[in-house]
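Q: For reference, the structure I am asking about is given below.
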Amino acid sequence: MKLQQLRYIWEVAHHDLNVSATAQSLFTSQPGISKQIRLLEDELGLEVFARSGKHLTRITPGGEIIIREAGEILRRVEGIKKIAQEFSNQRQGDLSIATTHTQARYALPPIISGFIESYPDVSLHMHQGTPMQISEMAANGAVDFAIATEAMELFNDLIMMPCYRWNRSVIVPKDHPLAKMDELTLAELAEYPLVTYVFGFTGRSKLDEAF
């Protein structure tokens, strides 16, 4: 079994089983890919792809699992390459960050500007999503780390490190009854409809718990 063979089945699966398109994207020949896939299947004693003549028609049940494992192996190989690159030249490399819209829009711009100025040769990649989505990215290794206020505690294989604290405010018109109160309680606030974030964004679940 060769790493190249695993890359071929992974790429074919993600090019809609089009070996020709896969060959073009990898700058290699279509017969070469087909031959290596056959050699891998012969070694495993299992067909990864079902065929109709010379055309691949679908991924077999066993092939689904093998391709998933191949993807994990390829990600780990890329991780090893990144580690080697970072240690050989610690001012170059790639850094992938996943975060929410709020963090990306308000908290991170000055930090990112300072980072780019200090490390101009580091390729910085930003991914935006919900707290659950970016936590999954961090958990499966798609990004180096995630910045969020929610959801990360749901993943046992993630380590959470506090970055900063923030507070919530109640905003009402000047003539609103709540504006006349010296001290606001949750019970009084609960008497009125609220406009807030949807579940999973910027602490909404904490608000649900509070009420």
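Q: For residues that are loosely packed, with under 15 Cβ neighbours inside 10 Å and closer than 14 Å to R7 by Cα, tally how many sit in region 39-59.
A: Filtering region 39-59 down to residues loosely packed, with under 15 Cβ neighbours inside 10 Å leaves 39, 42-46, 50-55, 57-58.
Checking which are closer than 14 Å to R7 by Cα leaves us with 39.
Going through region 39-59 one residue at a time, the tally reaches 1.
Q: Among the numbered criteria (1) surrounded by fewer than 14 Cβ atoms within 10 Å (Cβ to Cβ); (2) more than 30 Å from the chain's Cα centre (by Cα); (3) not aliphatic (A, V, I, L, M), which one does Q4 miss?
A: Failing condition for Q4: (2).
Q: A further question follows. Scan region 74-128 residue by residue and report those that are β-branched (V, I, T) and touching a strand residue (DSSP E or B) at 6+ places or on another chain (Cβ under 6 Å).
A: First, pick out the residues of region 74-128 that are β-branched (V, I, T): 77, 80, 83, 97, 99-100, 102, 111-112, 116, 122.
Hits for region 74-128 are I97, T99, V122.
Q: Which residue pairs have Cβ atoms closer than 7 Å, lie 6 or more positions apart in sequence or on different chains, and pair a first residue in region 64-85 that is under 19 Å from H15 (Cα atoms) with a second residue that is open to solvent by 40 Å² or more (accessible area, probe 1.4 Å) and assigned to a helix (DSSP H, G or I)?
A: So the pair list comes out as I67/W10; A70/W10; G71/W10; L74/R7; L74/W10.
Q: Which numbered condition trips up L124, out of (1) outside any helix (DSSP H, G or I); (2) touching a helix residue (DSSP H, G or I) at 6+ places or on another chain (Cβ under 6 Å)?
A: Just one mismatch for L124, condition (2).
Q: Something else: Would you please list the contacts, defined by Cβ atoms under 6 Å and residues six or more apart or on different chains, that run from a residue in region 179-191 that is over 12 Å from F211 (Cβ atoms) to a residue that is surrounded by 11 or more Cβ atoms within 10 Å (Cβ to Cβ)?
A: Every condition considered, the pairs that remain are A179/V172.
Q: Kindly indicate whether any position in region 132-145 is more than 10 Å from the chain's Cα centre (by Cα) and either at pLDDT 85 or above or at positive phi (or both).
A: no
The values are calculated or read from the model by the stated rules, or taken from the named source; none is laboratory data. These numbers were taken from a predicted model, which means no experiment stands behind them. So basically every Cβ, Gly included, is an ideal-geometry build from the backbone, and we count neighbours across all protein chains shown. Ligands, DNA and RNA are excluded from the accessible area calculation, which covers all protein heavy atoms including side chains. Shrake-Rupley method; radii C 1.70, N 1.55, O 1.52, S 1.80 Å.
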